[in-house]
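S.K.: Attaching a single structure in structure tokens format; questions to follow.
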Amino acid sequence: MAEFYGTEVASRLMLGTAQYPSPAILEQAFRRSGAGIATVSVRREAGGERAGGAFWDLVRQLGVSVLPNTAGCHSVREAVTTAHMARELFDTKWIKLEVIGHADTLQPDPFGLVEAARILTEDGFEVFPYTTEDVVLGERLLEAGCKVLMPWGAPIGTGLGLTNIYGLRTLRAQFPDIPMVVDAGLGLPSQAAMAMEMGFDAVLLNTAVAKAGDPAAMAEGFALGVKAGRLAFEADPMEPRDMAAPSTPLIGKAFLK
Amino acid sequence: MKINVNGEPQEVTASDLNAALAELGYRDAKVATAVNEEFVPAGGRASVVLQPGDRLEIVAPRQGG
């Protein structure tokens, strides 16, 4: 089982709760995904609106752990304040820390990310940093107190899959004992399977499921992809080679003209 | 006094944050608050005295990725 900050999670698929056509479809998607962790956020609420309470009731029915995010935060201060508000609302020390540095790519601001991770760790949070595949940044985040890394596969919402396989492989190899989640950019179950085959502990996605024509079916597709990839990783895959090697034995072949 | 609530100007008569939340329709709502970008825990709202021009953020659980 995957373990994050001492909590064992049966499913290696984490699923976002945004952009579904309806709450009912969100619920169906979660059921078929088997996801054990749901990402959530905090947003402004109007007086008398009570939308937050209704959404929270829906999430609790799913029976999953919640991982609140600081999505959309561009400064350290904003991310830290948002994390505190999320901790109170969701009653969890977990925070998916996003400090965005670039509006078009939603690339993390590495400097702000490390600073916010340090502040939040000192405040008692268990930080899941949304980061890139950069090894040096990964090391700085671990030094800041993070015990999980969440490198992107590709920019959020693009569905491009793993755009820097070499970088992700390097990051995985550099920190073999750190739980790592490929977060963002996945579009297809095959891409999730590939991340799992590379030895990542889990994947986190949202748009690929929520924006599919049939979100519930796609959720199950991702669940199967994650499971297939993990099984392959645990099964110790063969080494690829350049030249063909016959799989059927040559010994005993009839000599025919 | 005039304060700013979630980016909009609002007139409130309450002087502390707890009373202001009730006045603005948030009584018993599942919300978290920040005043002038600083988080104010639920237990500390009654002791936060609002000043004219304060920026109040009131957030609640929402969908996220």
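The values are calculated or read from the model by the stated rules, or taken from the named source; none is laboratory data. In this text, all values refer to a predicted model and were calculated from it rather than measured experimentally. Because the Cβ atoms are built from the backbone with ideal geometry, glycine has one as well, and the counts that use them run over all protein chains shown. Surface accessibility is based on the protein's heavy atoms, side chains included, excluding ligands, DNA and RNA. Shrake-Rupley method; radii C 1.70, N 1.55, O 1.52, S 1.80 Å.
S.K.: At a Cα cut-off below 20 Å, give the lysines reachable from residue A:147, other chains included and same-chain residues fewer than 8 away excluded.
M.R.: A:93, A:96
S.K.: Further question: Where in chain A are the helices, taken as whole DSSP H runs, whose Cα atoms extend 20 angstrom or more along the long axis and whose Kyte-Doolittle mean reaches at least 0.5?
M.R.: A:215-234
S.K.: Sticking with this structure for a sec: At a probe size of 1.4 Å, how large is the accessible area of residue A:73, to the nearest 10 Å²?
M.R.: 10
S.K.: A further question follows. Using Cα-Cα distances under 8 Å and only pairs 6 or more residues apart, what relative contact order does chain A have, in percent? Could the numbers behind the result be given before it?
M.R.: Working: 486 pairs, mean separation 48.6, N = 257.
So the answer I get is 19 percent.
S.K.: Could you provide, to the nearest whole Å², the per residue accessible area of the protein assembly as shown with probe 1.4 Å?
M.R.: Details: 15270 Å² over 322 residues.
Per residue, the protein assembly as shown has an accessible area of 47 Å².
S.K.: Using a Förster distance of 41 angstrom, determine the FRET efficiency expected from the C-beta separation of residue A:135 and residue B:4, and round it to 0.05. Mind showing how you got there, number by number?
M.R.: On the way: r = 43 Å, r/R0 = 1.05.
For R0 = 41 Å, the calculated efficiency reads 0.40.
S.K.: FRET efficiency for residue A:65 and residue A:25, Cβ-Cβ distance as r, R0 = 25 Å, nearest 0.05? Display every interim value, and only then the final one.
M.R.: Working: r = 21 Å, r/R0 = 0.85.
The value I calculate is 0.75.
S.K.: So how much accessible area does residue A:147 have, in Å² to the nearest 10, using a 1.4 Å probe?
M.R.: Surface accessible to solvent at residue A:147 totals approximately 120 Å².
S.K.: Pairs of alpha-carbon atoms within less than 8 angstrom and 6+ residues apart define the contacts here; what relative contact order does chain B have, in percent? Write down the numbers at each step before the final one.
M.R.: Numbers: 95 pairs, mean separation 27.5, N = 65.
Reported relative contact order: 42 percent.
S.K.: For the pair B and A, how large is the buried accessible area, both sides, in square angstrom to the nearest 100, if the probe is 1.4 Å? Write out the running numbers ahead of the final one.
M.R.: Values: alone 4300 and 13390 Å², together 15270 Å².
Adding both sides of the contact gives about 2400 Å².
S.K.: Which sequence of A:166, A:20, A:130 reflects their accessible areas, 1.4 Å probe, from the largest down? Provide the component values of the computation, followed by the final result.
M.R.: On the way: A:166 170, A:20 30, A:130 0 Å².
I get A:166, A:20, A:130, largest accessible area first.
S.K.: Report, for the stretch A:1-153, the % of DSSP beta bridges that are antiparallel, rounded to 5.
M.R.: Working: 4 of 18 bridges.
So the antiparallel bridges in the stretch A:1-153 amount to around 20 percent.
S.K.: How would A:132, A:163 line up by accessible area, probe 1.4 Å, largest first? Please list the in-between numbers first.
M.R.: Details: A:132 15, A:163 90 Å².
Output order, biggest surface exposure first: A:163, A:132.
S.K.: Can you give the FRET efficiency for residue A:44 and residue A:175, using 1/(1 + (r/R0)^6), R0 = 25 Å, r = Cβ-Cβ distance, to the nearest 0.05?
M.R.: On the way: r = 37 Å, r/R0 = 1.49.
The computed FRET efficiency comes out at 0.10.
S.K.: Also, I was wondering about something else. Tell me the label-point distance for the pair residue A:75, residue A:211, using the 7 Å Cα-to-Cβ offset, in nm and rounded to one decimal.
M.R.: 3.0
S.K.: Another one. Using heavy-atom solvent-accessible surface (probe 1.4 Å) with all chains present, what is the largest-first order of A:204, A:106, A:160?
M.R.: Values: A:204 0, A:106 55, A:160 110 Å².
The ranking, largest first, comes out as A:160, A:106, A:204.
S.K.: Moving on. Evaluate the relative contact order of the stretch A:163-257 (contact order divided by residue number), counting alpha-carbon pairs under 8 angstrom at least 6 apart; express in whole percent. All intermediate terms of the calculation are to be shown ahead of the outcome.
M.R.: Values: 78 pairs, mean separation 24.7, N = 95.
In percent, rounded to a whole number, it is 26.
S.K.: Can you run phi through the Karplus equation (6.51, -1.76, 1.60; θ = phi - 60°) for the stretch A:3-8 and list ³J(HN,Hα) in whole Hz, with x for Gly and Pro?
M.R.: Rounded to whole hertz, the list is 9, 10, 6, x, 9, 7.
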